[in-house]
Amino acid sequence: MPSPADRSPPILLRVAVLFLLLSTASAWKKDEFRNCDQSPFCKRARGRKPHSIPSLSAADVSLSDGAVSARLLPSQPLRQNTAGDDPEADRDPSRILLLRLSVYQGGVLRLQIDEDPSAPRRRFQVPDVLLPDLDDHRLWLPRLSSPAAGSSSSFYLADGFEAVLIHDPFEIQVRRKGSAEPVLSLNSLGLFDFEQLMVKKNDGEDWEERFRGHTDTRPHGPQSISFDVSFHGADFVYGIPEHASSSLALRPTSGPDVEHSEPYRLFNLDVFEYLADSPFGLYGSIPFMLSHGARSSSGFFWLNAAEMQIDVLAPGWDDSASPAKGRIDTLWMSEAGVVDAFFFVGPDPKDVLRQYIGITGTPAMPQEFAVAYHQCRWNYRDEEDVAAVDAAFDEHDIPYDVLWLDIEHTDGKRYFTWDRVLFPNPKEMQGKLAAKGRHMVTIVDPHIKRDDSFYIYKEASEKGYYVKDAMGKDFDGWCWPGSSSYPDVLNPEIREWWAEKFSFQSYVGSTPSLYIWNDMNEPSVFNGPEITMPRDAIHYGDVEHREVHNAYGYYFHMATSNGLLKRGNGMDRPFVLSRAFFAGSQRYGTVWTGDNSANWDQLRASVPMILTLGLTGLSFSGADVGGFFGNPEPELLVRWYQLGAYYPFFRAHAHQDTKRREPWLFGEHNTALIREAVHVRYSLLPYYYTLFREASVSGIPVMRPLWLEFPADKETYNTGEAFMVGPSLLVQGIYEKRQKSVSVYLPMGQSWYNMRNGAAYTGGISHKLEVSEDSIPSFQKAGTIVPRKDRFRRSSTQMVNDPYTLVIALNGSLAAEGELYVDDGKSYDFEQGAYIHRRFIFADCKLTSIDVRPAKIGGKFSSDCVIERIILLGLPSGAKKAVIEPGNREADVELGPLTLRGGSSLVAVTVRKPNVRIADDWTLRIL
Amino acid sequence: MGACLRISLTISCLLLIWISASASIPSRESLGIAPQDLSYYKSDVIKCKDGSKKFTKEQLNDEFCDCPDGTDEPGTSACPQGKFYCPNVGHIPLTTFSSRVNDGICDCCDGSDEYNGNVSCPNTCWEAGKVAREKLQKKIATFQNGVTIRKQEVEKAKQAFAKDEAELSKLRSEEKILKELVQKLKEQKERIEKAEEEERKKREEEERRLKEAERKANESKNAPEESSHDITDQAPEKLSELHNQDAMEDHHDSAVEDKNDYTTGTEISDNQVANDHDDTIAKSGHEADGRSDGSSFSHVEKQHVVEAQDNAVSKANTDYPGTEEELSSHVAEQGQVSDSTEGLSREELGRLVASRWTRENAAEGNDEVNMAKEGLEHDEDIREENHDGYISDSDEDHKFEDDDLEDDQDAEFGEDHEEPTGAYSSDEDDKTDYSDLTVSGSSSWLDKIQQTVNNVLQAFNFFRRPVNISEAATVRKEYDDFSSELSKIQSRISRLNEKLKYDFGKDREFYSFYDRCFESKQNKYTYKVCPFKKASQVEGHSSTQLGHWDKFDESYRVMLFSNGDRCWNGPDRSLKVRLRCGLKNELVDIDEPSRCEYVAILSTPALCLEEKIKELQQKLEDMNTGQPSAHDEL
């Protein structure tokens, strides 16, 4: 209930502010969402002191089936209900919990704790998130060591790491071998609590919960789980998206010097006009946290799809006399589910990412067009509008690859249909775009209009494919089309059915150049509690919505993505953008940060948000360029394009009430600035595509926090304003109006070259730079080689045959390295080896192109593309010519510009027309 | 030719097309260069146009960008900022971006932009040129005819302007004369009244004397009666004036009182809102209050708004599923700080939340309320503007004496005209109204009335007693008539002044637009554009203001209407009317590219400028010059 203070101000004031509110768009509706105090499980868990609840001890610790198993029993007889202030002591005597510890290749420890199978009801374990072949990578544990009089059991975890189960009270530790100091630990603070399912003994028992007029029947009683996890040797923790924040590192939410704060909430919600800085839950949830410190990195992932609340505790939070140094304690609370948690030992940050990706899957390799620029608006009104926008891009020589249609293109918000008046010839429309190598994306949301004349609705309702309400009827919620039902995508059969709907026969008006956007899949239910589905709604297998909520959007995304895969007979890589996400969503497509707003704070927040998504597997992500709500001033829009051009997913989008903001609408000057920003992205497409390939193999994201590349440089640990694109480029956003100068920290160990003018900067210090309006600061790290395509086209499709430019930034020893990955840009032939993957190495004045494909791989992909230009930064003057082998060909060397734009000065040694094929081995010697 | 044949054999496509295409592809040295630029590339060492560098002839079109500005690669895609010239013989030459060169898409009708053999682009210049020439010819014809019409229009405007100016000066002199006459009549009237008064007094005196005599004769006492009689009889006009004033003050008072009542009522209902969230009616009342606060809405309007919303809400409540009006009130509630939604039905809640994103629904609901309101207040609106002297809170039913004036003003707004045609006069009533003044407005008319007045004045014999009643009535009538004529003339003068202060274009070519409106029907809406006045969107009986006349822009190529009705959470509506040459004044297209920002196209002879014809003819000539050679080849 809102406190009296939250109630309305006096009437007259309200009258006066009404206009203001209407015109400035009212903000985030705080009261509509629960806070921790309104969620019993959170309030209870958060109020506890360390070691204040009856502890559990591990008994019967043994090896079975190559894993450690034990039973968790109360450590001592339950205290009597001595004081009335502890309602928890009043509970049923706990049944025994079963614990299992298993180890996976690469330094992953898995902890599972569940009720005994004799419990009245099985608790929900999230299916289809962990890789299906995960068990093939499980290590068979040969033995358990019990060093100190049986008080603990330890076993091998990875080279240099061991896992320890301390028996009483039970505690899990990950340690460096031979060190008593853990890297990670669980229940060191004795906060582990596990509410077991209950059966109503009499009708008088009431577990119902009410929130703003909604009643949650909670038929199985409270069933929450909470525990503490400590990251030892950590300076900062990161991850657990999705939250909007100006900080990349997670700020403490509790403890001394922390203002009252909510815990970080993981609960997928459709939040109207979210704040730029809040621990509040947004559209997606990934319960994966990483830590980093000077000594090491580690990670912790709890596979649980129920609402989760996570506190990051500041040192001294427990009022202890000597606050722990170099350790970050966290408190994890979930409303339901089981403990299925993974500890990642690192020790390097990239190791932690690989370990996480090793269990949840690598990001899907996108089609090449999807890496280019996307133009979206709610809504391009009709076919004429689409044609006009398409033509205007050409008229202004601004490339774009994808035009998007939002909900208004449908016949009454019935997805898979077209408004017959506005879009009478959808195939022809897509054909016209496709003729220019462009693609289209239409929106398909999970709410199905309850209309018997709508074939999707009818079919699903006849088959009983909808999520049910607590009474067992098809759940009926309100969304765009009005009264709607939601397919129960937890059920694999229903996912299959859904996937079929994307076939060309079924989706009338779709063509092979059409791809899909999943929105509102949190799921958004306008008249539901917290704008989502009631927690007591029932899914397949008698699963309550509360148990599966955070994964609903994930299953929907999965089903849609599989639909596109099927549509193309497994030959065409799907492109599906989703707003909701969960751990593993990276396997199915792209995500974005939802309905942001057109203001500078949200521009700033976009970077930590996207970096956090990248750290938790979702490499292919972006924020709406320009801001969804509101009208950006031209300067903000330009700055957003300049920053957005480096987002992995680069899309402009706008609310339907906003003024049109296609790039050419703000005067010639701004049009030129935006064109330039978009061109920067297009010229870097070969580099980006190579990075997407890397992400799809290793999980290392395209857009990276500085510390991922410079783990030893403490200055970088909490940088959320600058970021790395791959290993080579550093980009600093401009987040303030009319900013004249900016301070950029360039990490130590290397020097850096300004990507505009080739000027060199020393690493390890902050540089105060003048800010120009035509670009945001960007630097290439010395020692790297970046492939570009400097010829501009209408869309990426026409760039396929264009020649490359290599930009070689030499380090102190005049050496550099870089990679180029090329494939057909659309099919899965690359899985059979049909790709080009080169490593370029420059050393001793010699550039060598080396094939880095595995030797035995089959498949064939070739390209006649050549390298038309090689730019060398940091090469002492005196180069006269280049000699190419094989063939002993000569190429001219001269001074050239770094970018091909009017007025560029000649700053770098340039090899003119070496014309070496990217598919071939060759060397080029500078003489 | 040998090379051509070899290739044509391998391609085995239409030989004719190939030849014409090959013929249009120039050598490397001239590829993509416009004829007027060829001389720039003559020397052996060529400068980049931006002066950054020099390059040799070998570097011209060698697929490597030496000049960042693109000077050295006019015929390839190597320089991102380069431009490619296709001759398009038979059609118009085209200068396109170098990004189009060899990108696999045929951009030039002669196919010269695709020469690397990846795609074959047929030469379509002759066909396309033919179409374009025809189109251009048509356009020229339109312009030529348009120029004639425009000339006539300008001539008409000149005359009309002169006429209006003449009328104005005539009206001014008439006004002067009429004023004098009215003054004279007034004096006469007053003298008559004075005379009558005297006569009456005399008569009374006579009567009194008679009565006195009678009394004396009868010895009866009547004095008090007489005195009271005296008072009652005195200045009856003054009394009635007083009475009127009272009545008006009453109106005023009651209005104020109403307002007070209303305000308190609102407060009460607000309290109810705070307690009872189902009380949507009270809330919409509240909303109305909030909206009109600080605006010029009168008290009466407020009530209308309330009523309109009441109706809407009750309709929404009975006619399930609810309509959008219902939403708007909820949204209004939403906008307020009180945010509890517990009292709402599931559906209401769903709609409410949806409306946050769409606003559209809410906005439309709101618009409809506005429109309903506008329909109701339509008349008051005008009154309010024109009767500044009156208290703006005046009651709706309050009738003003000078209905004529009001009608005139109504006509000016052209709201009552339901003309089916696309363009019509907004001022017809106005014209007929003044026909007696303007049509017969010769000096003889003035002479005549002067004569009449003089006759009347002279006819009246002041020395005759008793006053001739019919003559007095004539004077009064004449006074009334002429003062009403005077006020008509005065209002006409002010209207003419109003009109003449506008900017009607370089040649006053838009002069006739002042009295016209243009209409276009698009789906359910009818758009009305009345230049120098306002533009609106009409749906059934409701009308939304798209904007009030602002100005011409882009040297008379655009008409701007701004400050229209407010958009929900958006800007005030506005309309940009783009003008283009056409034979008729016609609103051909109207569109809303951004929310609440409308764009229309109006074709009009006013835009058919003579100097443009030469330009178009030159263009046609250019197209034709290339034609014969290409044609001969075929």
Task: Label zone at A:Ser179 (point 7 Å along Cα-to-Cβ), backbone N below 16 Å, the range A:293-316 - done: A:293-299
TODO: May I ask you to work out the translational diffusion coefficient for the range A:627-740 at 4 °C, viscosity 1.567 mPa s, via Stokes-Einstein with Rh from the Kirkwood sum over Cα pairs, reported in whole µm²/s?
DONE: 83 µm²/s
Open item on the list: I need the Kirkwood Rh of the range A:555-594: take the reciprocal of the average 1/r across all distinct C-alpha pairs and report it in angstrom.
Closed with: 10.2 Å
- [ ] Mind listing the long-range amide H neighbours of A:Arg912? Cut-off is under 5 Å, sequence gap 5 or more, other chains count too, H placed in the peptide plane at 1.01 Å from N.
- [x] A:Asp892, A:Val893, A:Glu894
Task: Loop sites in the range A:673-737: trypsin sites (Lys or Arg not before Pro), DSSP, at most 13 other Cβ within 10 Å - done: A:Lys737
Open item on the list: What does the structure give for A:652-658 when I average, per residue, the other chain Cβ atoms found within 10 Å of the residue Cβ?
Closed with: 4
TODO: Work out which residues of the range A:469-485 lose at minimum 30 square angstrom of accessible surface when the other protein chains are put back, relative to the chain isolated, with a 1.4 angstrom probe, and list them by number.
DONE: A:Trp478, A:Trp480
TODO: Would you mind telling me the share, in percent, of accessible area of chain A contributed by carbon and sulfur at probe 1.4 angstrom?
DONE: 51 percent
- [ ] Mind checking which of B:Gly70, B:Ser120, B:Ile105 is farthest towards the positive end of the range B:25-122's charge dipole, using Cβ charges of +1 (Lys, Arg) and -1 (Asp, Glu) about the Cα centre?
- [x] B:Gly70
Task: Cut-off 15 Å between beta-carbons: net charge of the residues surrounding A:Leu131, Lys and Arg +1, Asp and Glu -1 - done: -1
- [ ] Please label the shape of the range A:36-360 as rounded, prolate or oblate, based on the square roots a ≥ b ≥ c of the eigenvalues of the alpha-carbon gyration tensor (a/c under 1.5 means rounded; beyond that, a/b larger than b/c means prolate, else oblate).
- [x] rounded
TODO: Could you pull out every Cys in chain A that lacks a partner Cys with its beta carbon under 4.7 Å away?
DONE: A:Cys376, A:Cys479, A:Cys845, A:Cys865
- [ ] Quick one: accessible surface of A:Phe300, probe radius 1.4 Å, all protein chains present, in square angstrom to the nearest 10.
- [x] 0 Å²
Task: Nitroxide proxy distance, nm - points 7 Å out along Cα→Cβ at A:Lys659 and B:Glu592 - done: 1.8 nm
- [ ] Mind grabbing the base-10 log of I(q)/I(0) for the range A:612-653 at q = 0.18, 0.34 Å⁻¹? Debye formula, identical points on the C-alpha positions, no solvent, two decimal places.
- [x] -0.51, -1.11
Task: Residue-normalised accessible area of chain A, expressed per residue, 1.4 Å probe, Å² - done: 34 Å²
- [ ] Could you compute the FRET efficiency for B:Asn454 and B:Ser169, with r as their C-beta to C-beta distance and R0 at 35 Å, rounded to 0.05?
- [x] 0.90
Open item on the list: Within chain A, which is the longest segment that contains none of the GluC sites (Glu not before Pro) sitting in a DSSP loop with at most 11 other Cβ atoms within 10 Å?
Closed with: A:260-927
Task: Simple Cβ-charge dipole of chain A, Lys/Arg +1 and Asp/Glu -1, about Cα centre, in debye nearest 20 - done: 2120 debye
TODO: Enter the buried accessible area of the A/B pair, total of both sides, probe 1.4 Å, in Å² rounded to the nearest 100.
DONE: 6100 Å²
Task: the range B:25-122, dipole about Cα centre (Lys/Arg Cβ +1, Asp/Glu Cβ -1), debye to the nearest 20 - done: 280 debye
Task: Per DSSP, loop trypsin sites (Lys or Arg not before Pro) in the range B:565-625 with at most 16 further Cβ within 10 Å - done: B:Lys584
Open item on the list: Per-residue Cβ counts within 10 Å, from other chains only, averaged over B:75-82: what number is that?
Closed with: 6
- [ ] Before anything else, pin down the relative contact order of the range A:36-360: Cα pairs under 8 Å, at least 6 apart, normalised by residue count, whole percent.
- [x] 18 percent
Open item on the list: Over the range B:518-609, what is the relative contact order in percent, taking alpha-carbon pairs closer than 8 angstrom and at least six residues apart?
Closed with: 21 percent
Task: A:Lys860-A:Lys714 FRET efficiency (beta carbon distance; Förster radius 51 Å; 0.05 resolution) - done: 0.60
Task: Distant-in-sequence amide H partners of A:Val625 (H built 1.01 Å from N, under 5 Å) - done: A:Arg651, A:Ala652, A:His653
TODO: Mind running the shape call on the range A:305-361? Use the C-alpha gyration tensor, a ≥ b ≥ c as the square roots of the eigenvalues: rounded below 1.5 for a/c, prolate if a/b tops b/c, oblate otherwise.
DONE: oblate
Task: Residue-averaged [θ]222 nm for chain A, counting only DSSP H segments that reach four residues, each worth -39500 (n - 2.57) - done: -5500 deg cm²/dmol
Open item on the list: If I model a spin label at A:Asp892 and B:Ser487 as a point 7 Å from the Cα along the Cα→Cβ vector, what separation in nanometres do I get?
Closed with: 9.0 nm
Open item on the list: Averaging over every viewing direction, what projected area does the convex hull of the Cα atoms of the range B:25-122 cover, in nm²?
Closed with: 5.7 nm²
Task: Partner chain coverage, peptide A:896-908 - average Cβ within 10 angstrom - done: 4
Task: Length-normalised contact order for chain A - Cα pairs under 8 Å, 6+ apart - percent - done: 9 percent
Task: trypsin sites (Lys or Arg not before Pro) restricted to the range A:810-877 and DSSP loop, no more than 11 other C-beta within 10 Å - done: A:Lys856, A:Lys860
Task: Label point distance in nm, A:Asp601-B:Lys47, each placed 7 Å from Cα along Cα→Cβ - done: 5.4 nm
Open item on the list: Which one, A:Gly464, A:Thr253, A:Pro574, projects farthest toward the positive side of the charge dipole computed for chain A from Cβ point charges (K/R +1, D/E -1)?
Closed with: A:Pro574
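The values are calculated or read from the model by the stated rules, or taken from the named source; none is laboratory data. Everything quoted here is computed from the prediction, not taken from an experiment. Backbone-built Cβ (ideal geometry, glycine too); neighbour counts: all protein chains shown. Just so you know, the surface numbers come from the protein's heavy atoms only, side chains and all, with ligands and any DNA or RNA stripped out. Shrake-Rupley method; radii C 1.70, N 1.55, O 1.52, S 1.80 Å.
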